[in-house]
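Below is one structure, written out as structure tokens; comments come after it.
The values are calculated or read from the model by the stated rules, or taken from the named source; none is laboratory data. All figures in this text were calculated on a predicted structure; none of them were measured in a lab. Every residue, glycine among them, receives a Cβ derived from its backbone with ideal geometry; neighbour counts consider all protein chains shown. For the accessible areas, the whole protein counts, side chains as well, though only heavy atoms, and no ligand, DNA or RNA atoms are used. Shrake-Rupley method; radii C 1.70, N 1.55, O 1.52, S 1.80 Å.
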Amino acid sequence: KAGSLVGFPSLPGGRWGDQGPPRHGTRSAVDRISMGTGWAASLAGLGWIAKDLGGRLSPDPDYWDCNSSYDYALNGIDTIAFILLVPALVGLFRAYRASAQTRIGAAALGSAAGFGLAGIANLLEHCAGMEVLGFAYVIGAMVGFLLLLVFAVVLTRVRLVPSWASWLLLVGTAAGLLLANQGGLVVFGLAWVVLGSVLYRHLPPQEQVA
């Protein structure tokens, strides 16, 4: 279909609305948001894979007590993996709102808030001795995963991204939630790496000045 990206339906009025694409030598603001969303998603995915494998290979089974450089590094990766999901989900929400405009898409923002809370609480609880934040970590992580599961279901219906990528995110999120101790977080991370690659590659070519 003319005006569509590969695997993406055209939005009403085209990607940039009725005015057509901007005539600039650099990418539009929409493209920069999409590019940033893709990078954040892929890096978050790599972080989730690294934190899961790092925990399994840790010489200290209690890596969360931060009594070695390895522990500090692994907890740092853990926090970064959570935090990077925030811009990734916010970017997806903005794209979703522009194409579908239904309230259920706000689940992405709730998920972002949950993951952000869990990431901050994780580091402070483990490496700053603020054990009272353990409850905040659990609540944030559960809210993040559950609302992401809702948003992933929504993505399979609106085709904001190719259908297979939406289903991969749904399966990865379910695996991360239900099989966290059996390698599910690696599947979750892989889903975000692939989704980030899809978001980054499915961008219109850079417009040149006429």
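The condition of being on the phi < 0 side of the Ramachandran plot, modelled with pLDDT of 85 or more and under 16 Å from the mean Cα position of the chain (by Cα) does not hold for S163. Scanning the stretch 129-178 for residues that are open to solvent by less than 20 Å² (accessible area, probe 1.4 Å) and among the hydroxyl-bearing types (S, T, Y) yields S166, T173.
Selection of first residues in the stretch 175-189 that are farther than 17 Å from S42 by Cα and of second residues that are outside any helix (DSSP H, G or I) and at pLDDT below 95, restricted to Cβ pairs under 9 Å at least 6 apart or on distinct chains, gives the following pairs, ordered by first then second residue: A175/G183.
Of all residues in the stretch 98-125, those that are at pLDDT below 90 have Cβ atoms under 8 Å from Cβ atoms of residues that are part of a loop (DSSP other than H, G, I, E, B), 6 or more apart or on another chain, in A98/L11; S99/L11; S99/L160; A100/L160; L124/M130.
In the stretch 71-97, the residue that is modelled with the highest pLDDT out of those that are closer than 22 Å to L170 by Cβ and open to solvent by 60 Å² or more (accessible area, probe 1.4 Å) is P87.
Looking at the stretch 126-139, which of its residues are without any contact (Cβ under 8 Å) to a residue 40 or more places away in the chain and part of a helix (DSSP H, G or I)? Across the stretch 126-139, the qualifying residues are E131, V132, L133, G134, F135, A136, Y137, V138, I139. The single condition from (1) open to solvent by 80 Å² or more (accessible area, probe 1.4 Å); (2) closer than 16 Å to A108 by Cα; (3) at pLDDT 90 or above that L190 fails is (2).
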